[in-house]
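Comments concern the structure below.
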Amino acid sequence: MNKKQLNILSNNLVNAFIKKKIIKPIPTKFCKNIRNAELLRKTCENKINWPIIGFKAGGTAIPVLKKLKAKEPFYASIFNKNLLKNKSRVKINKYTLGIELEVCYQIKKEFFLLSKKVNKKNISNFITHMAPSLEIVGYRQKKIGIKYLGDLSSDFGANIKFVIGKKVKFKKINIKNLKTVIFNKNSNIKVFGNTNAVYKNPLNSLLFLLKKLKKDKVFLNKNFYVFTGSTVGIVPLKNKGVYIGKIDKLGSVKTSIT
């Protein structure tokens, strides 16, 4: 790996991320090889001084992983300036890929003090709240489409903004089989989905991400969010206006796309 090239590329991406600019596409080798993509992402994230408020899991749809020949999803940090309140407005450009409807968990900071292995039995001890959320997905580059999972991972996880709905206290429900829908209020376009599209179960996605945080020795001294992946795939933003996402038993979330 050429450290000089890595430093130049990461500086360019960070500058684009902070100043909301669009740059020319990064070399394919940083996308085709997931290790290179992850190295670039982490290098970029380490250069951002904004507070981290959570993490996203990406590539959690099994069919997508198979299509892209990827072994597992990836995760990326979410910075405070990329999280918006319900009904917020989001401005997009032609390199915005689309919008996703996700299950979000709020996790206690005590998770980072856990000395045991993370497993399905103990992760529920650290969940305080759940919420529906919308993720606007896109690049900081003049690039359209997805050829490799690293396309998404290398560019800050390809997250533009997250809009979070009303949080509800965590309770054990059949989270792996909840009906979901996202629709455009202006054009009446509707896309239906199910939470089982998220790594077969959003809790599987949560477990995957928490294990990665432990492996990478990530530590935050505050409660944080985990966005588990799309229940409806990436819905193209062909029309601007109000988009509403609904997840059974969790509620709804709304954003205005301009």
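Each reported figure results from applying straightforward, stated rules to the coordinates on display, with no laboratory input. Here the structure is a predicted model, which means the values were calculated and not measured. When we count neighbours, we look across all protein chains shown, and the Cβ atoms used for this are built from the backbone with ideal geometry, even at glycine.
Per 5 Å bin from zero, what fraction in whole % of the C-alpha pairs of region 1-132 is there, up to the bin with the longest pair?
2, 7, 13, 18, 20, 18, 12, 7, 2, 0
If packing is taken as the average count of other Cβ atoms within 10 Å, what order do 165-177, 41-53 fall into, highest mean first? Kindly include the intermediate steps, with their values, before the conclusion.
Numbers: 165-177: 14.0, 41-53: 15.9.
Result, highest mean Cβ count within 10 Å first: 41-53, 165-177.
Quick one: compute the contact order of the chain, relative version, from alpha carbon pairs under 8 angstrom and 6+ residues apart, as a percent. Present the calculation step by step, with values, prior to reporting the outcome.
Details: 575 pairs, mean separation 72.4, N = 258.
Computed over the chain, the figure is 28 percent.
Report the gain in length on full extension from K4 to K21: 0.36 nm times residue separation, minus Cα-Cα distance, nm rounded to one decimal. List each step's numbers first, then the result.
Details: separation 17, 0.36 × 17 = 6.12 nm, distance 2.21 nm.
Going from the current span to full extension adds 3.9 nm.
Taking 0.36 nm per residue of sequence separation and subtracting the Cα-Cα distance, how much length would be gained by fully extending the chain between L65 and F219, in nm to one decimal?
Values: separation 154, 0.36 × 154 = 55.44 nm, distance 2.79 nm.
Answer, rounded to one decimal: 52.6 nm.
If you average 1/r over all unlike Cα pairs in the chain and invert the result, what Kirkwood radius do you get in angstrom? Present the calculation step by step, with values, prior to reporting the outcome.
Numbers: mean 1/r = 0.0546 Å⁻¹.
So the Kirkwood estimate lands at 18.3 Å.
So, counting K/R as plus one and D/E as minus one, what does the shell of residues with Cβ under 11 Å around L65 add up to? List each step's numbers first, then the result.
On the way: positive: K66, K67, K69, K71; negative: E72.
Neighbour charge sum, excluding L65 itself: +3.
Quote to one decimal, in nm, the extra length available between K47 and N194 on full extension: 0.36 nm per residue of separation minus the C-alpha distance between them. Don't jump to the answer; show the numbers that get you there.
Values: separation 147, 0.36 × 147 = 52.92 nm, distance 3.64 nm.
Full extension of this stretch gives 49.3 nm more.
In region 188-209, whose amide N lies under 16 Å from the spot 7 Å out along Cα-to-Cβ of S124? List them in ranges.
Counting backbone N atoms under 16 Å from the label point, the list is 201-207.
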